[in-house]
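Reviewing the structure listed below.
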Amino acid sequence: MQITGIETRVVNAEMRNWVFVRVVTDQPGLVGWGEATLEWKTKSVVGAIEDLAPLLLGRDPRDIEQAVRAMHKQSFWRLGAIGMSAISGIEIALWDILGKSLGVPVWRLLGGKVRDRVRVYTHLGLGDMRAVYETTDAEPLVARAQEVTAMGYRAFKAVFIPYTHYHAPLPDVDKVARMMGALRAAVGPEVEVMVDFHGRPASAAASLAYIEALAPGRPMFVEEPVPPGELAALRAVAERTRVPLATGERLIERTEFHDLLSLRAVDIIQPDICHCGGLLAAKKIAALAETMSVGVAPHNPLGPIAGVAALHFAVSTPNHVIQEEMVGAVPWYGEVVRGPIRLVDGCWQVPDAPGLGVEVDEAACARHPYAPEIIHTRNAVLDDGTIVDW
């Protein structure tokens, strides 16, 4: 069996452009699908996939580790987020091919089933970028929480930490406390609430001010309490709070996760399967975390193929805790990709179709062509004009 072509399909889903990867083989009808979505970097990722394709043409798609090594080692330059997303999309497609060729679901090839269902959470606002990132008052926040719990979700994540620099103003801290209190009162103790800091606090002190305000509401975890890579600040936060900490969505290489885990400052890591190198890389990262008693909750606000890849990872990974998802981000979500995801009592069910179990409707994809994404990051400016983390 040989790889004869690697193609991309870009689907504009309003909040972001989904980048689907199609790997073609010399076996009639045998193709694999992956996803390499990277916000505001669509054309760069598509170009990176085109650059990597010649390294794989003629190779056996079932030799997945070897294919990934070829893309890493024979590219010479270190690849960064763009190149690693390209590798990830291709790698996921190779697992789809392997599963289809053997007639088994991908999770079976990743070590087999370790759970009977996968706990998931969504965002308040689902695919509405403004709702996710720009809800700054308690009333609409509570309304969105009631919407998603009515849909069957038993856990959700919200982003209501203000744009911050090195200091957390007291009025902002008090407002965060009120919003968390309103959320917890609205959904009760049985629904898990996560709060994404998005790396907005630029110092441990600013981060801790917000964490202390949230603590009475007992969040499941706070995410990215300081910017990625700020290990000393993260350690300082961890030493002064009992609220669980999570981070890792913007880390790419396994060495970055090794450094993070060696710090012993987080309770949950959040690799993105579509950015960290694919399913096999994510499994290696998870295994490293398991040796340090750390759970895994992969980052995944992306498209439907990314969601299915995350499902297979979760089914087969012992220290998986909960899965981020964005099913229903657009009304036609299920039209472009028909897949095995089923939500029952706040959990995804275990799929049984060969490969990833997805069918891509290319005509439906074509109805939503590439369009420039709205650059919401421009909102991350303080009153005095200082640009801060989004």
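For the reader, a short list of remarks on this structure follows.
- The lone exception for Ala380 - which of (1) surrounded by 20 or more Cβ atoms within 10 Å (Cβ to Cβ); (2) in contact (Cβ under 8 Å) with a residue 40 or more places away in the chain it fails: (1)
- Any hit, the stretch 350-368, residues being within 26 Å of Ala246 (Cα to Cα), outside the structural domain of Ile161 (by TED's automatic domain parsing) and without any contact (Cβ under 8 Å) to a residue 12 or more places away in the chain: no
- When the residues of the stretch 291-307 are filtered to those that are over 18 Å from Met220 (Cα atoms) and out of contact with any strand residue (DSSP E or B) (no Cβ under 8 Å at 6 or more places or on another chain), the one that is surrounded by the most Cβ atoms within 10 Å (Cβ to Cβ) is Gly307.
- Matching entry among Ala215, Ala143, Ala206, Ala202 (being part of a loop (DSSP other than H, G, I, E, B) and aliphatic (A, V, I, L, M)): Ala202
- Residues that are closer than 20 Å to Arg119 by Cβ, hydrophobic (A, V, I, L, M, F, W, C) and assigned to a loop (DSSP other than H, G, I, E, B), drawn from the stretch 146-159: Met151
- Of all residues in the stretch 165-203, those satisfying the criterion of being under 26 Å from the mean Cα position of the chain (by Cα) and among the acidic types (Asp, Glu) are Glu190, Glu192, Asp196.
- Some residue of the stretch 341-348 being of a type in the set (Asp, Glu), buried (at least 23 other Cβ atoms within 10 Å of the Cβ) and assigned by TED's automatic domain parsing to the domain that holds Phe156: no
- Extreme residue, surrounded by the fewest Cβ atoms within 10 Å (Cβ to Cβ), among residues of the stretch 233-250 that are of a type in the set (Lys, Arg) and more than 26 Å from Ser85 (Cβ to Cβ): Arg242
- Test: residue in the stretch 160-169 that is assigned to a helix (DSSP H, G or I) and crowded, with 22+ Cβ neighbours inside 10 Å: no
- Taking residues in the stretch 179-202 that are farther than 14 Å from Lys157 by Cβ, and partners anywhere that are of a type in the set (Phe, Trp, Tyr), the pairs with Cβ atoms closer than 6 Å and at least 6 places apart or on different chains are Arg200/Tyr163; Ala202/Tyr166.
- Taking (1) in contact (Cβ under 8 Å) with a residue 40 or more places away in the chain; (2) touching a helix residue (DSSP H, G or I) at 6+ places or on another chain (Cβ under 9 Å) in turn, Ile341 satisfies each apart from (1).
- Condition check for Tyr163: over 19 Å from Glu325 (Cα atoms) and either at pLDDT 95 or above or out of contact with any Lys or Arg (no Cβ under 6 Å at 6 or more places or on another chain) (or both): yes
- Within the stretch 32-50, the residues that satisfy the criterion of being of a type in the set (Gly, Ala, Ser) and crowded, with 23+ Cβ neighbours inside 10 Å are Gly32, Gly34, Ala36, Ala48.
- Residue in the stretch 350-371 that is of a type outside the set (Gly, Ala, Ser) and within 30 Å of Phe197 (Cβ to Cβ) present: no
- Residues of the stretch 251-266 satisfying the condition of being crowded, with 18+ Cβ neighbours inside 10 Å and either among the hydroxyl-bearing types (Ser, Thr, Tyr) or in a loop (DSSP other than H, G, I, E, B) (or both): Leu251, Ile252, Ala265, Val266
- Per-region count, the stretch 51-107, residues surrounded by fewer than 23 Cβ atoms within 10 Å (Cβ to Cβ) and of a type in the set (S, T, N, Q): 4
- Unmet requirement for Met15, which otherwise passes all of (1) part of a loop (DSSP other than H, G, I, E, B); (2) over 20 Å from Pro372 (Cβ atoms): (2)
- Among residues of the stretch 282-304 that are β-branched (Val, Ile, Thr), those with a beta-carbon under 6 Å from a residue that is buried (at least 24 other Cβ atoms within 10 Å of the Cβ) and in a loop (DSSP other than H, G, I, E, B) at least six positions away or on a different chain give the pairs Ile285/Pro271.
- For Leu279, the stated conditions hold: it is in contact with a Phe, Trp or Tyr (Cβ under 8 Å, 6 or more places away or on another chain) and crowded, with 23+ Cβ neighbours inside 10 Å.
- Hits in the stretch 240-272 - residues which are of a type in the set (Val, Ile, Thr) and either within 23 Å of Ala215 (Cα to Cα) or in contact with a Phe, Trp or Tyr (Cβ under 6 Å, 6 or more places away or on another chain) (or both): Thr241, Val243, Thr247, Val266, Ile268, Ile269
The values are calculated or read from the model by the stated rules, or taken from the named source; none is laboratory data. Note that the coordinates shown come from a computational prediction; the quantities given were computed from them, not determined experimentally. We place every Cβ from the backbone using ideal geometry, glycine too, and count neighbours over all the protein chains shown.
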